[in-house]
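Written below as structure tokens is the structure these notes are about.
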Amino acid sequence: MPKSFSGSIPGWLGDLAGAWVFYSVLPAWPGVPPRFERIARFAPLIGLVLGGLQGLFWWLAAGWLPLGAQVALVLALGLVLTGGLHVDGAMDTADGLGAGPRALEAMADSRVGASGVQALVVVLLLKAAALLCLGAAAPLALLWAAFWGRVAPLLAMQWFPYLRAQGSAAFHRQHWRGLAAELVPALLVFALALGLAAWTLWPWPQGLGLLPAVLVPLWLGRRLGGHSGDSYGACVEWTEALALLLMGLLLEA
């Protein structure tokens, strides 16, 4: 039987509600109190919702907005839906990488340095270039890029130590049950998507995002000697950008 809390509400549902609140600015669910223990396992599912909303906006705007405006507004929507949570981490991580041995100190500094600004510009440029290449295929690409972007931190949590004992993301490690258990929701969704693609005989490169989802947390973890909440956010942003770019380049080939 699933562990329960707050009466008859199962713990996993509370964690899903917690992931909804933590990873997005979308309204909280009525009647389900959020719990923040094992929310990371549901982040890829929240990514599908956020990417789906971006994709829906792209589809609705197609034909009545200039392409450049369409790209800019979809990227802005992504920032709004997350409250800039992951972008902030990506910028702080870039500042840390630029600070050498003082990486953790620079990442903890609330001020944004030149490296952080440059990282933000590059990430947005890569996403914009990818969307321009994708065109009508952008909605599905946004969906899967957001999914893989949130798988990446799970690999970071498994492979590397957490760098801040009292950091804001330390609770992920405290309730960690191993990669196999934490990946279950993402694997179920991905298996369902593969089955649907096979049934409809409609090939789509859903799995392309796996490559950056593996390489980004691996590279950052080796550079920093571990991961923090900031680098988890960096994993999301860089994996999203590179996954979009891979899909865009494949469709252009």
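Observations
- Dipole check for the chain: with +1 at the C-beta of Lys and Arg, -1 at the C-beta of Asp and Glu, and the Cα centre as origin, the magnitude is about 460 Debye.
- Of (i) 50, 41, 38; (ii) 94, 49, 29; (iii) 48, 48, 30, the label for Cα extents along the principal axes in Å derived from the coordinates: (iii)
- In terms of packing, defined here as the mean over residues of other Cβ atoms within 10 angstrom, the peptides 134-140, 57-63 line up highest first as 134-140, 57-63.
- Heavy atoms of the protein chains alone define the surface here; on that basis the chain has 47 Å² accessible area per residue at 1.4 Å probe size.
- Inter-label distance for Leu75 and Val32, nm, one decimal - labels placed 7 Å from Cα along Cα-to-Cβ: 3.3
- Element breakdown for the range 13-159 at a 1.4 angstrom probe: carbon and sulfur atoms account for 72% of the accessible area.
- Sorted on the mean count of surrounding Cβ atoms within 10 Å across their residues, most packed first, peptides 90-98, 20-28 read 90-98, 20-28.
- Rel. contact order, % - alpha carbon contacts under 8 angstrom, at least six apart, the chain: 26
- Cα shape, the range 1-137, gyration tensor, a/c 1.5 rule: oblate
- Helix-only CD estimate at 222 nm, as mean residue ellipticity for the chain, using -39500 (n - 2.57) per DSSP H run (n ≥ 4): -22500 deg cm²/dmol
- When you restrict to C-alpha pairs under 8 Å that are six or more residues apart and normalise by the size of the range 77-159, the relative contact order lands at 21 percent.
- Computed from the C-beta positions of Leu65 and Leu251 and an R0 of 22 Å, the FRET efficiency is 0.60 to the nearest 0.05.
- Restricting the trypsin sites (Lys or Arg not before Pro) of the range 4-69 to loop positions (DSSP other than H, G, I, E, B) with no more than 15 neighbouring Cβ atoms within 10 Å leaves nothing.
- Spin-label model, His175 to Val189: label points 7 Å out along the Cα-to-beta-carbon direction sit 1.7 nm apart.
- Once the Cβ-Cβ distance of Val121 and Ser8 is raised to the sixth power relative to R0 = 41 Å, the FRET efficiency obtained is 0.25.
The values are calculated or read from the model by the stated rules, or taken from the named source; none is laboratory data. The structure presented is a predicted model; accordingly, all values stated were derived computationally and were not measured. So basically every Cβ, Gly included, is an ideal-geometry build from the backbone, and we count neighbours across all protein chains shown. SASA here: full protein model, heavy atoms, side chains in, ligands and nucleic acids out. Shrake-Rupley method; radii C 1.70, N 1.55, O 1.52, S 1.80 Å.
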